[in-house]
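Right, one structure below, let's go through it.
Rule-based calculations on the coordinates, nothing more; no lab input. Computed from a predicted structure; not experimentally measured. Cβ: placed from backbone, ideal geometry, glycine included. Neighbour counts: every protein chain shown.
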Amino acid sequence: MARTAILNVMVQAATKAGRSLVRDFGEVENLQVSRKGPGDFVSAADRKAEEIVRSELTKARPTYGLVMEEGGVIEGTDGQHRWHVDPLDGTTNFLHSVPIFATSIALERQGQIVAAVIYNPVMDELYTAERGRGAYLNDRRLRVAGRTELPDMLIGTGLPFIGKGDHGRALKELRFVMPEVAGVRRCGAAALDLAWVAAGRFDAYWEHGLNSWDIAAGLLMVKEAGGYVSDMAGKDRMLETGDVIAGNETAHKQVLELLKRASA
Ligand code: IPD
Ligand code: CA
Ligand code: CA
Ligand code: CA
């Protein structure tokens, strides 16, 4: 399906940022790295990529607002639209030369996410979605996995790092999920975790404590690939709570059930 003009703007911004990330990835030891908090790093690569995305998006749509991980919130004058931007999702991977990271951009219109781009420049994988128009990996239409039995399923998750989140809860959840499934993966980039659910690589994925820039694009990707997304209460409040569970219909339901049991 031909991309709309707005999706083309987002693709242009993400691929340009991706090229900058790949250049910096080759020189990772020379990057200036600082710590926003314990275990929470930011580098010149994040900032450069964010500036590229911000400038491309603002050039095309000067009145839209922005919610950016590094630059914070810029209110738009149009009041209807805003972008959610994670210039480098997977910073810790990036800084350790692990090639699992991406740029994630979502467009919110009147409170709804309507377009999404996630780009992993190392694998040259471009994930795109528009509300009602499906999700794609490069030119291939995406569909969530069809597995229905927990013992066949590969499940992604995110684990809290030093200074963040509830480590006891994470271990308890793993204790409930691990014995039931084929495998659990912690890949270190929430946007890609969701894109991989959309692509049918992961049957389901869950994580707590995320921000809109981590998940806004990925949530639309999963929905447009025919998947289900909710918070841990089964509600459509992922952007408010920061908690996400995503998967095909049965995977979503069964993993949600396991997580509820873990929290009982
Ligand atoms: C992080 C990644 C990670 C998730 C963290 C996020 P960042 O984003 O998505 O997988 O577990 O909660 O903060 O900082 O690399 O953009
Ligand atoms: Ca970060
Ligand atoms: Ca992120
Ligand atoms: Ca980031």
Helix 167-177 versus the longest principal axis of the chain: what is the Cα-based angle in degrees, 0 to 90, to the nearest 10? 60
Computed [θ] at 222 nm, helices only, for the chain once each DSSP H run of length n ≥ 4 contributes -39500 (n - 2.57): -11000 deg cm²/dmol
Could you grab the relative contact order for segment 5-141? Cα pairs under 8 Å, six or more apart, rounded to a whole percent. 21
Lys pairs in segment 150-263 with Cα under 15 Å (8 or more apart in sequence, or on separate chains) total 5
For segment 194-264, with the dipole built from +1 on Lys and Arg beta-carbon atoms and -1 on Asp and Glu ones, taken about the Cα centre, which of 239, 200, 251 lies farthest toward the positive end? 251
Principal-axis tilt of helix 5-25 within the chain, Cα atoms, nearest 10 degrees: 90
Highest-first arrangement of 126-134, 66-74, where packing means the average Cβ count within 10 Å: 126-134, 66-74
Just the ratio, please: alpha-carbon radius of gyration of segment 5-141 over 2.2 N^0.38 Å, N its number of residues. 1.03
For helix 212-224, report the angle its Cα long axis makes with the longest principal axis of the Cα atoms of the chain; keep it between 0 and 90° and round to the nearest 10°. 70
Going 7 Å from the Cα of residue 31 in the Cα-to-Cβ direction, what parts of segment 37-68 have a backbone nitrogen less than 19 Å from that spot? 37-55, 68
Cubic angstrom per residue, convex hull over Cα atoms of the chain: 115
So what is the relative contact order of segment 3-78, in percent, for Cα pairs below 8 Å that sit 6 or more residues apart? 27
Going out from 0 in 10 Å bins, what whole percent of all Cα-Cα distances in segment 150-263 drops into each bin? 16, 54, 29, 1
Can you tell me which of 31, 21, 88 moves the most in a GNM of the chain? Springs connect C-alpha atoms under 10 Å apart. 31
Low-density loop trypsin sites (Lys or Arg not before Pro), segment 147-254, at most 13 other Cβ within 10 Å, DSSP non-H/G/I/E/B, are 186, 235, 237
Take residue 162, project a point 7 Å from its Cα along the Cβ direction, then tell me which residues of segment 26-42 have their backbone nitrogen under 17 Å from it. 33-42
How high is the relative contact order of the chain, in percent, with contacts defined as C-alpha pairs under 8 Å that are six or more residues apart? 16
Taking the Cβ of each residue in 238, 10, 178 as the centre, tally the other Cβ atoms inside 10 Å and list the residues starting with the fewest. 178, 238, 10
Which of these, 118, 52, 105, has the largest mean-square fluctuation under a Gaussian network model of the chain (Cα springs below 10 Å)? 52
Between the alpha-carbon centers of segment 148-225 and segment 59-92, tell me the distance in whole angstrom. 25
When the chain is treated as a Gaussian network with springs between alpha carbons less than 10 Å apart, the largest mean-square fluctuation among 252, 167, 81 is found at 167
So how far apart, in nm, are the two label points at residue 235 and residue 211 if each is 7 Å from Cα heading toward Cβ? 2.3
